[in-house]
Amino acid sequence: MKDYPLYPVDYYNNFNSFAQGVKKFGEKTAITFFAGDDVPSTRSYNTLADDIRAFGEALLAEGYAKKHIAIASEGSYEFIVSLIAVAAAGAVAVPVDIEQSVDSIDFMIRFADAECLIVSPNVHHLLKDADILKKLPYIPINGQENSWEAFLQRGKDLLKAGGHLFDNAAVSPDDTAIILYTSGTSSKPKPVMLSQLAIMQNACDSVAFVDLYEKVFTSLPLHHVYGLTCSVINNMVVGRNICINGDIKRTARDMALFNPDTIMAVPLIAEMLYKRMLGGAKAAIESKTSANISQKLFQRKDTQLDQALQAVKQAMFPGLKIIVSGGAALSKSISSGLMRAGILVLQGYGITECSPLISVNRNLANKPVSVGLPLASYELKIDSSGEIQVKGPCVMQGYYKMPELTDEALVDGWFKTGDLGKIDKQGFLHINGRCKNLIVLKNGKKISPEELEDLLAPIPLIKEVVAHSSVTGKGADDVMPAITVYPDPAETQGMTSYEILESLQREVDKVNESLPAFKQIRFINLRDTEFDKTTKKSIKRQNF
């Protein structure tokens with residue numbers, strides 16, 4: 001793999017030079033989004049660069065240099081302009097997760113010491129009675145007086161009159177650019193400080209590693225670093241057309257209208273795509289085969305091209321060539337199924353504290369069972385416990401106002417990811433699970449719940465599953481592997497709970513046959529609703 005060259009990319013070490021650099025792409029389309037009338041709205045790189053420059057000029061004229069500015073909005077053009085302008089002006093952007101409760105949003109803004117808030121109409125309505133809007137200056141994205149749009153126009157007027165604050169802003173690679181809150185799958189979100197260099201280096205490294213096509217679709221939340229760095233900033237570095245989707249309910253519609261050749265996804269989106277194609281393939285050929293064709297296709301693990309899936313893919317997503325998946329582990333069944341449809345699937349691995357990308361499979365160096373090769377700017381090591389540790393310019397500066405947690409996570413420059421893994425002879429990284437999630441038996445043996453979940457994923461009856469420990473009744477420290485399942489409503493319609501359990505047990509018995517005795521699943525629990533999830537659509541495990 002050492003002979004596989006990096007793809008060419010112009011590197012930036014701060015947001016200001018990057019914001020001015022994208023002007024070179026001129027009238028190429030930078031951003032596409034769809035309104036309620038299904039008509040695409042677009043912004044060119046010239047317009048994007050000019051708007052960032054104007055908004056940054058207005059911020060500096062208002063005295064916000066080096067200040068913390070929160071952004072509470074869905075993914076949108078305004079969000080992108082605001083965040084890049086804030087960081088490029090030398091201030092600190094604080095994007096917040098708007099899917100949290102009002103109290104949580106209020107806390108995140110306050111804890112990060114924001115001195116101004118940029119807020120979308122939906123979030124403004126959500127916060128209308130919150131103290132934060134009464135005590136903090138805010139800029140509403142609503143097109144009215146004193147709005148985001150008026151603020152942007154003020155910046156344009158200042159530039160026209162000879163303003164040069166943005167162009168001359170003193171921005172160092174070591175300055176904090178963004179404070180991002182972690183998703184918190186097993187603990188409370190923590191505010192992560194990422195430098196100007198960390199974000200830009202990571203974005204440019206990802207471009208050097210993976211060659212994507214020109215039309216990139218993303219429904220990833222932009223307040224999360226995966227959506228920000230790996231689906232927006234990196235693609236802007238090389239002038240691609242990015243279609244942003246700020247509403248998960250319109251994902252399928254926007255994807256079909258845009259007809260992308262590249263999709264940036266979390267496993268939930270990849271699974272949705274595959275199941276839609278699977279349904280189409282089943283309908284097309286079930287008259288010639290057995291009725292359980294979808295289950296047979298789903299459970300296959302090979303990647304040989306399948307004519308039925310290819311035909312459906314061509315009808316549904318004719319332009320699609322690559323899916324890059326991150327944010328959580330992608331099931332081997334989903335990955336292999338998409339590849340049988342003729343779609344290259346590249347799985348990566350990252351974490352907020354690393355800006356986020358740590359490793360990714362490459363176009364011509366793809367080992368689907370792994371999470372790829374480490375980026376060139378990183379050093380990786382596996383400690384004696386099996387934990388992955390990372391060192392490099394993209395590692396966080398620390399947790400904001402949390403020195404004790406920072407000292408725990410960063411030791412001599414090495415960030416402790418909390419993930420278990422190994423590096424194979426070819427240099428590919430493999431993830432074995434989270435340290436905190438391990439099921440530890442009384443005899444000291446350890447079981448990765450993620451391993452069990454991956455084996456269970458192909459079972460059609462299962463919509464969502466979490467593997468965990470369960471006390472046997474012989475003592476608090478005497479536990480056995482168990483699973484909690486949210487059954488697929490479409491597959492279990494008309495079945496009683498007893499019938500569902502009985503059917504699941506038969507499937508689990510088949511899985512257990514392939515496992516050593518200590519790993520075998522001993523208990524099955526059912527739940528009536530989906531699991532709570534983070535904005536990356538990862539299941540929250542704090543109850544297990």
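Within region 508-525, identify whether any single residue is of a type in the set (D, E) and closer than 30 Å to H224 by Cα, and answer yes or no. Taking every residue of region 508-525 in turn, none turns out to be of a type in the set (D, E) and closer than 30 Å to H224 by Cα. Screening H124 on (1) in contact with a Leu (Cβ under 8 Å, 6 or more places away or on another chain); (2) buried (at least 24 other Cβ atoms within 10 Å of the Cβ) shows it passes everything except condition (2).
Table: residues versus (1) in contact (Cβ under 8 Å) with a residue 24 or more places away in the chain; (2) within 30 Å of L220 (Cβ to Cβ); (3) open to solvent by 80 Å² or more (accessible area, probe 1.4 Å).
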| residue | (1), (2), (3) |
| --- | --- |
| A482 | yes, no, no |
| V508 | yes, no, no |
| E513 | no, no, yes |
| A517 | no, no, no |
| Q520 | yes, no, no |
| F531 | yes, yes, no |
| K537 | yes, yes, no |
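All conditions in (1) touching a strand residue (DSSP E or B) at 6+ places or on another chain (Cβ under 7 Å); (2) surrounded by 24 or more Cβ atoms within 10 Å (Cβ to Cβ); (3) outside any helix (DSSP H, G or I) hold for G90, with the sole exception of (1). Scanning region 184-211 for residues that are in contact with a helix residue (DSSP H, G or I) (Cβ under 7 Å, 6 or more places away or on another chain) and not aliphatic (A, V, I, L, M), which turns out modelled with the lowest pLDDT? Ranking the qualifying residues of region 184-211, first place goes to S186. Scoring G239 on the criteria (1) assigned to a helix (DSSP H, G or I); (2) under 24 Å from P8 (Cβ atoms) leaves a single failure, condition (1). Just so you know, in region 361-401 the residues that are within 20 Å of M193 (Cα to Cα) and of a type in the set (V, I, T) include one that is least open to solvent (accessible area, probe 1.4 Å), and it is V390. Say we look at region 433-453 and pick out the residues that are closer than 15 Å to I351 by Cα and touching a Gly at 6+ places or on another chain (Cβ under 8 Å); which of these is most open to solvent (accessible area, probe 1.4 Å)? Per the criteria, the residue is R434. Does I52 satisfy the condition of being buried (at least 22 other Cβ atoms within 10 Å of the Cβ) and outside any helix (DSSP H, G or I)? In short, no. Of all the listed residues (D106, D97, D37), the sole one being on the phi < 0 side of the Ramachandran plot, part of a helix (DSSP H, G or I), surrounded by fewer than 24 Cβ atoms within 10 Å (Cβ to Cβ) and of a type in the set (D, E) is D106.
State whether one or more residues within region 404-421 are of a type outside the set (D, E, K, R) and open to solvent by 70 Å² or more (accessible area, probe 1.4 Å). So far as region 404-421 goes, no, none of its residues is of a type outside the set (D, E, K, R) and open to solvent by 70 Å² or more (accessible area, probe 1.4 Å). Can you spot a residue in region 62-80 that is open to solvent by 30 Å² or more (accessible area, probe 1.4 Å), basic (K, R) and part of a helix (DSSP H, G or I)? Scanning region 62-80, I find no residue that is open to solvent by 30 Å² or more (accessible area, probe 1.4 Å), basic (K, R) and part of a helix (DSSP H, G or I), so the answer is no.
Just so you know, in region 313-360 the residues that are open to solvent by 10 Å² or more (accessible area, probe 1.4 Å) and among the basic types (K, R) include one that is modelled with the lowest pLDDT, and it is K332. Could you please let me know if F18 is open to solvent by less than 80 Å² (accessible area, probe 1.4 Å) and either of a type in the set (V, I, T) or within 25 Å of the chain's Cα centre (by Cα) (or both)? Yes. Within region 140-164, residues that are over 12 Å from D51 (Cα atoms) have Cβ atoms under 7 Å from residues that are among the aromatic types (F, W, Y) in these pairs: P140/W148; I141/W148, counting only partners at least 6 apart in sequence or on another chain. Within region 212-232, one or more residues are surrounded by fewer than 22 Cβ atoms within 10 Å (Cβ to Cβ), of a type in the set (D, E, K, R) and either modelled with pLDDT of 95 or more or assigned to a helix (DSSP H, G or I) (or both). Could you please give the count of residues in region 138-154 that are open to solvent by less than 70 Å² (accessible area, probe 1.4 Å) and either part of a helix (DSSP H, G or I) or under 12 Å from I118 (Cα atoms) (or both)? The number of residues fulfilling the criteria is 10. Within region 109-120, the set of residues being open to solvent by 10 Å² or more (accessible area, probe 1.4 Å) and under 24 Å from the mean Cα position of the chain (by Cα) comprises just one member, F111.
The values are calculated or read from the model by the stated rules, or taken from the named source; none is laboratory data. Being a predicted model, the structure only gives us computed values, none of them experimental. FYI the Cβ positions are ideal-geometry reconstructions off the backbone, even for glycines, and counts take in every protein chain you see. These area figures cover heavy atoms from the full protein model, side chains too; ligands, DNA and RNA do not enter into them. Shrake-Rupley method; radii C 1.70, N 1.55, O 1.52, S 1.80 Å.
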